[in-house]
Amino acid sequence: QVQLVESGGGLVQPGGSLRLSCAASRSIFSINVLGWYRQAPGKEREPVAHIISGGSTNYADAVKGRFTISRDNAKNTVYLQMNSLKPEDTAVYYCAADVLERLTVKTYWGRGTLVTVSS
């Protein structure tokens, strides 16, 4: 079991940058998959980026080339660096972790942090 707490959201102008952080309550060294999702007003939650323990990453087409996911195992933290932000990036961003428990993979979620991109 793990608790996740996001931070770093706020108001930013189009073209600006923001870095989100997700702090885990325990070591993330053994967590193979960490990811970020987002949910815009009136839309369903969608995947944004994922990173595995080996360092491989994947991104949604809408953010590819602009967002970067990374993890710092020593700090038990995963980050999402967001550059060249657009108004359509406005959403609540959630951190998630896939954890193997008794041969079953369970997904844990943070409560989210709001990102608003507006002039």
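The values are calculated or read from the model by the stated rules, or taken from the named source; none is laboratory data. Not measured: the values here are computed from a predicted model. Glycine gets a Cβ as well: all are built from the backbone with ideal geometry, and neighbour counts include every protein chain shown. All accessible areas refer to the heavy atoms of the entire protein, side chains included, with ligands and DNA or RNA removed. Shrake-Rupley method; radii C 1.70, N 1.55, O 1.52, S 1.80 Å.
Could you check segment 19-67 and list, in sequence order, the residues that are among the hydrophobic types (A, V, I, L, M, F, W, C) and not in a strand (DSSP E or B)? Within segment 19-67, 28, 29, 31, 40, 60, 62, 63 meet the criteria. Residues in segment 52-87 that are touching a strand residue (DSSP E or B) at 6+ places or on another chain (Cβ under 6 Å), open to solvent by 60 Å² or more (accessible area, probe 1.4 Å) and over 20 Å from residue 14 (Cβ atoms): 52, 57, 58. Considering each residue of segment 103-112 in turn, none proves to be more than 24 Å from residue 26 (Cα to Cα) and among the polar types (S, T, N, Q). In segment 63-81, which residues are over 9 Å from the mean Cα position of the chain (by Cα) and of a type in the set (Phe, Trp, Tyr)? Answer for segment 63-81, where residues must be over 9 Å from the mean Cα position of the chain (by Cα) and of a type in the set (Phe, Trp, Tyr): just 67.
Every residue in segment 57-79 that is farther than 16 Å from residue 98 by Cβ and hydrophobic (A, V, I, L, M, F, W, C), please. Listed by number, the residues that qualify are 60, 62, 63, 67, 74. Looking across segment 6-21 at every residue that is in contact with a Gly (Cβ under 6 Å, 6 or more places away or on another chain) and not hydroxyl-bearing (Ser, Thr, Tyr), the one that is least open to solvent (accessible area, probe 1.4 Å) is identified as 20. Of all residues in segment 68-86, none satisfies being farther than 15 Å from residue 22 by Cβ and in a strand (DSSP E or B). Here residue 81 meets the list (1) in contact with a His (Cβ under 6 Å, 6 or more places away or on another chain); (2) touching a residue at least 40 places away in the same chain (Cβ under 8 Å); (3) among the polar types (S, T, N, Q) almost entirely, failing just condition (1).
Among the residues of segment 88-108, the ones that are assigned to a strand (DSSP E or B) and either on the phi > 0 side of the Ramachandran plot or surrounded by 14 or more Cβ atoms within 10 Å (Cβ to Cβ) (or both) come to 10 in all. The residue that is nearest to residue 79 (Cα to Cα), counting only those in segment 26-51 that are at pLDDT 95 or above and open to solvent by 30 Å² or more (accessible area, probe 1.4 Å), is 50.
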